[in-house]
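The values are calculated or read from the model by the stated rules, or taken from the named source; none is laboratory data. The shown structure was predicted, so the numbers you read here are calculated from the model rather than taken from an experiment. A quick note on method: Cβ atoms are made from the backbone with ideal geometry, for glycine too, and the neighbour counts reach across all protein chains shown. Ligands, DNA and RNA are stripped out before the accessible areas are found, and what is left, the full protein with its side chains, is counted by its heavy atoms. Shrake-Rupley method; radii C 1.70, N 1.55, O 1.52, S 1.80 Å.
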Amino acid sequence: GFNKAHSAAYSVMGYQCQWLKVHYPLEFWTSSLQFSDDKEIPHRISEIKKINEKISIRLPDVNKSGQYFTCDPNKNNIFWSLSKIKGIGNKVVNNIISNRRENGKFKSLEDFIIRARVKGSGINKKITYLLIVAGAFDILEKIRNPKERQYLLAKWAEAYKSDIEQSFKVNGSNSFWI
């Protein structure tokens, strides 16, 4: 009895997954990527490219990505999850999303740094660096290839330096960036 019930349940689930894969591929692959462990994600991405060239997987974006993989049905894009970036936890992602929800989309890297100064947000120098390297500011700053990210990193370093100088002038500490 158990083997038949087990195989029947798997066959029904397999049929439903295939139906979703054919009729709602963008949503199917978005949830499939979300519920995959880190080792399975490259296999899923290669399968997406092999089966359906219409779906493109985009880098994380501070204005469009969320805690989970997010799809944009208008442009057939899947945006990388912010929480899947190594070194960035769920608390930080939730703070970025709530900041975006309350104050609108981020306009630039400087705008992100200024708005991230909320105490207890967990967004610090390291997190901002990881977001830049992951490409989360590429659309915002109109970066077309990874080599142009060097410009953004230089901009980030300059913002960091001027922030420390300003912080020492105001209250003698640089607590945000530590």
(message) If a residue counts only when it is modelled with pLDDT under 90, open to solvent by less than 70 Å² (accessible area, probe 1.4 Å) and aliphatic (A, V, I, L, M), which helices (runs of 4 or more DSSP H) contained entirely in region 49-140 have at least 2 such residues?
(response) 109-115, 125-134
(message) If I filter region 12-42 down to residues being open to solvent by 70 Å² or more (accessible area, probe 1.4 Å) and among the polar types (S, T, N, Q), which single residue comes out as nearest to I55 (Cα to Cα)?
(response) Q18
(message) Pairs please, first residue from region 48-72 and over 19 Å from N95 (Cα atoms), second anywhere and hydroxyl-bearing (S, T, Y) and open to solvent by less than 50 Å² (accessible area, probe 1.4 Å), Cβ atoms under 7 Å, 6+ apart in sequence or on different chains.
(response) C71/T30
(message) If I ask for residues that are under 16 Å from R58 (Cβ atoms) and hydrophobic (A, V, I, L, M, F, W, C), which ones from region 21-38 would you list?
(response) L26, W29, L33
(request) Please identify the pairs in which a residue from region 145-158 that is assigned to a helix (DSSP H, G or I) has its Cβ atom under 7 Å from the Cβ atom of a residue that is charged (D, E, K, R), counting only partners at least 6 apart or on another chain. (result) L152/E141
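Does V92 satisfy the condition of being of a type in the set (V, I, T) and farther than 30 Å from P25 by Cβ? First the steps, then the outcome.
Details: of a type in the set (V, I, T): yes; farther than 30 Å from P25 by Cβ: yes.
Here the answer is yes, as V92 does meet what is asked.
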